[in-house]
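Everything below concerns the one structure shown next.
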Amino acid sequence: MKKEAPKSITKAGFKRALRIFEYVKPYKAKFTLGLVFLLLSSVTFMTFPGLIGRLVGGDEVSDSPIDRFFNLENIDQVALLLIGAFSLQALFSFMRIYLFADVTERAIASIRKDTYRHLVRLPMTFFSSHRVGELNSRISNDISQLQDTFMTTLAEMVRQTITIVFGISLLFFYSVELTLVMLISLPVMMLAAFFFGKFIRKLSKKTQDELADSQVIVDETLQGIQSVKSYTNEPFETARYNVVAENVRKVAMLGAKWRGAFASFIILGLFGAIVLVIWYGVRLKNSGEIGMDVLMSFILYSVFVGGSIGGVADIFGKVQKAIGSTENLFDLLEEPLEEAIEERHGSGSRSGKFSFSQVAFSYPSRPDKPVLRDVSFQVNQGEKVAIVGASGAGKSTIASLLLRFYSIDQGEIQIDGMPINDLSINETRSMMALVPQEILLFGGTIFENIQYGKPGATRVEVEAAALKANAMEFIRGFPEGFETKVGERGIQLSGGQRQRVAIARAILKDPKVLILDEATSSLDAENERHVQDALEILMKGRTSLIIAHRLSTIRSADKIVVLEHGIVRESGTHDELLKIENGVYKNLHNLQDAS
Ligand SMILES: Nc1ncnc2c1ncn2[C@@H]1O[C@H](COP(=O)(O)OP(=O)(O)O)[C@@H](O)[C@H]1O
Ligand SMILES: [Mg+2]
């Protein structure tokens, strides 16, 4: 998913790209029928120049090859035949477009579903090494590129091939001499078109990349719009965006210049060829070798053929783009998954005790920086264990490891006496609930947000959870109660309110192990008391890991683990730790008491 140099069509890449047709396979019959209509409409299309030439030629006895196929006596018959051909063409085109759209939309929908399904199952490591904005724009751009290919490029390809092959054969049929004259100018055009086209595709790919960069900036700014505003960094962000917007413009303009030059060249070549053909054709007609109808048909066929040849480079570019998009998609689809995450597990039989022994870990994105170096501690069933330490000490990392967002480098984590890797990821996560510091609510109602902890939970269950979470009062305070919309398009809940929704969600899940990652540290005293009360209820009789910055909240913990730079320095109860002379905890405690 990184920026790549424009891909040329290699055999392997082409083969891989063909696999995209797997998605079309289920609709093979429709697709084939669509192809048949496409063939029919392309062939019908090729009769127009002949018939129109014959029509223009008038009633005089004609030498047009059309007369060898149809027994035509006057222009009325020709006109009728032409209208018939148009009607057929109209019908064929409709059927072709309808069938292709039907197949394409179905195939694209399953590609979308597969991609999304795969994406959400990728491990955390993947998400920490890819920017969300980039993923977003790549997926939507790549998929619409494919849509374009199936919908139109394929049809154009078939039609242009037929036009070129049929057209040139028919031209020979009408006049060998005139065809040779016309063909003299074609190879020059084709050669130029090929080289021009290649160059222009390179530029348009570059524009695409610059555009993706600019989208990343917009995404990031909008997601963090509060910070942008609070730091009055609008000018900074604007300047940052202006730079990429200018880059997009420059690259696009460079592309436009060359596209313009390309268009001029094709037009000159094409019209040059047409003038040449008309001039030569009129000479042939004047000397009586061909009739007006043949000349007319010939010119029209030449225009058709010339146009199609001019479009070959364009089609080639589109096919190349489609192959690039398919590769991007397959790159994503072939990213290894976390582990099968299928049905939801109950956590019925597990006790919920766990332990870390001599765990060492560094994030895959920064393997040279050890985050945890030697972490050992044990949490028995029903115990409350707190982890304290300065920010950056590695506290949240411990929570992530317990949830198996990442794999450890050394040591062992056990759950219920079993190595964590012997349990399925799904089972491990089903046992746990995490209440983080920053709660993100999903767009939807408060009811749905609480229900998220246990999909399918009844109204009664959700309300009971809200009550226990101390959330009932404020929810009832909204005119729409549980049906109040929250999230991006709904009302904004305060930090404490969001926290209590999250706690209700965790209560509903009824986990064996509860992980609180600084769950109250961003709250004011008033809110903290509400939330703390709710947490006490939630922790009762449950194995809990409490990550805290403020020591006041953990005084009653069964054990306190003091973490410093990824190493466990001390552990014991509040009273025990205070007895350690010059201990880390004691120092922290004195500091916080003083403030
Ligand atoms: N996803 C990540 N990728 C790389 N480094 C990370 C990641 N998350 C945290 N870190 C680093 O790991 C260290 C510990 O972080 P963290 O566990 O969040 O600390 P704490 O929760 O104690 O404040 C920090 O130096 C932080 O920069
Ligand atoms: Mg943290």
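The values are calculated or read from the model by the stated rules, or taken from the named source; none is laboratory data. Everything numeric in this text was worked out from a predicted model, so none of it was measured. Virtual Cβ from ideal backbone geometry, glycine too; neighbours counted across all protein chains shown.
Worth a mention:
- Number of residues in region 386-421 that are hydrophobic (A, V, I, L, M, F, W, C) and under 16 Å from P436 (Cα atoms) equals 9.
- Test: residue in region 320-339 that is touching a strand residue (DSSP E or B) at 6+ places or on another chain (Cβ under 9 Å) and closer than 23 Å to D416 by Cα: no
- Taking region 363-386 as the range and being within 16 Å of ligand 2 (Cβ to nearest atom) and either touching a Gly at 6+ places or on another chain (Cβ under 9 Å) or small (G, A, S) (or both) as the test, the residues that pass are V371, L372, V375, A386.
- Only listed residue being free of Cβ contacts under 8 Å to residues at least 40 places away in the same chain, away from ligand 1 (no atom under 16 Å from the Cβ) and not in a helix (DSSP H, G or I), chosen from S376, S355, S407, S349: S349
- Contact annotation: residue pairs with Cβ atoms under 6 Å, 6 or more positions apart or on different chains, pairing a residue in region 518-539 that is on the phi > 0 side of the Ramachandran plot with a partner that is in a loop (DSSP other than H, G, I, E, B), are E518/Q437; E518/H549.
- Of the helices (runs of 4 or more DSSP H) contained entirely in region 1-87, those carrying at least 3 residues that are among the aliphatic types (A, V, I, L, M) and modelled with pLDDT of 80 or more fall at 28-45, 48-57.
- The helices (runs of 4 or more DSSP H) falling completely within region 484-595 that include 3 or more residues that are surrounded by 20 or more Cβ atoms within 10 Å (Cβ to Cβ) and among the small types (G, A, S) map to 495-509.
- Scope region 113-135; condition assigned to a helix (DSSP H, G or I) and either surrounded by 15 or more Cβ atoms within 10 Å (Cβ to Cβ) or within 16 Å of ligand 2 (Cβ to nearest atom) (or both); matching residues: T115, H118, L119, M124, T125, F126, S128, G133, E134, L135
- Qualifying residues in region 109-141 (those that are touching a Phe, Trp or Tyr at 6+ places or on another chain (Cβ under 6 Å) and hydrophobic (A, V, I, L, M, F, W, C)) - the one farthest from T397 (Cα to Cα): I111
- Flag if I290 is surrounded by 15 or more Cβ atoms within 10 Å (Cβ to Cβ), outside any helix (DSSP H, G or I) and in contact (Cβ under 8 Å) with a residue 60 or more places away in the chain: yes
- Number of residues in region 388-403 that are more than 10 Å from ligand 2 (Cβ to nearest atom) and surrounded by 24 or more Cβ atoms within 10 Å (Cβ to Cβ) equals 1.
- Test result for A393, of a type outside the set (S, T, N, Q), over 30 Å from P455 (Cα atoms) and within 16 Å of ligand 1 (Cβ to nearest atom): yes
- The condition of being touching a helix residue (DSSP H, G or I) at 6+ places or on another chain (Cβ under 8 Å) and more than 16 Å from ligand 1 (Cβ to nearest atom) holds for only one of R542, R550, R505, that being R505.
- Residue ID - farthest from ligand 2 (Cβ to nearest atom), chosen from residues in region 435-468 that are aliphatic (A, V, I, L, M) and either outside any helix (DSSP H, G or I) or surrounded by fewer than 19 Cβ atoms within 10 Å (Cβ to Cβ) (or both): V460
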